[in-house]
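> Could you have a look at this structure, given as structure tokens, before my questions?
The values are calculated or read from the model by the stated rules, or taken from the named source; none is laboratory data. Model, not experiment: these values are computed from the prediction. So basically every Cβ, Gly included, is an ideal-geometry build from the backbone, and we count neighbours across all protein chains shown.
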Amino acid sequence: MRGPGGVLYGATELYQIDTTNTETVLHNFAGVTDGIGPEGALLLSGGGLVGVTNFAPSSPFQGTAYKLDMGIHTFHAFGSGNDGKFPMPA
């Protein structure tokens, strides 16, 4: 995703590449509460990056929805009820 000022963002781990081609890792997914395996496109929303992971190994969760702004915030862990699991971006 291209952000403000031409900065590129990606989600193998959350990273950015600035206009001088300098890469900065913004977040390494630990896999416990924040999930692993980020999927699909990132969205820029409310001053942060929003995305999903398709796996979270801490039972019973099966993926997370997260937002990265001044830190990573998992705002939902899927698979803990009847809300589905393994989220995929649209």
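> Taking strands (runs of 3 or more DSSP E) that do not extend beyond the range 1-46, which have at least 1 residues that are surrounded by fewer than 12 Cβ atoms within 10 Å (Cβ to Cβ)?
Details: elements: 8-11, 14-17, 23-27, 36-45.
Ranges flagged: 23-27, 36-45.
> Sticking with this structure for a sec: Identify all residues within the range 26-73 that are among the charged types (D, E, K, R), modelled with pLDDT of 80 or more and under 15 Å from residue 13 (Cβ atoms); write none if there are none.
39
> Also: So the check is Cβ under 9 Å with 6+ separation or different chains; which pairs have a first residue in the range 1-26 that's more than 11 Å from residue 38 (Cβ to Cβ) and a second one that's among the acidic types (Asp, Glu) and not in a strand (DSSP E or B)?
If the second residue must be among the acidic types (Asp, Glu) and not in a strand (DSSP E or B), the pairs left are 5/18; 6/18; 7/18; 8/18; 24/18; 25/13; 26/13.
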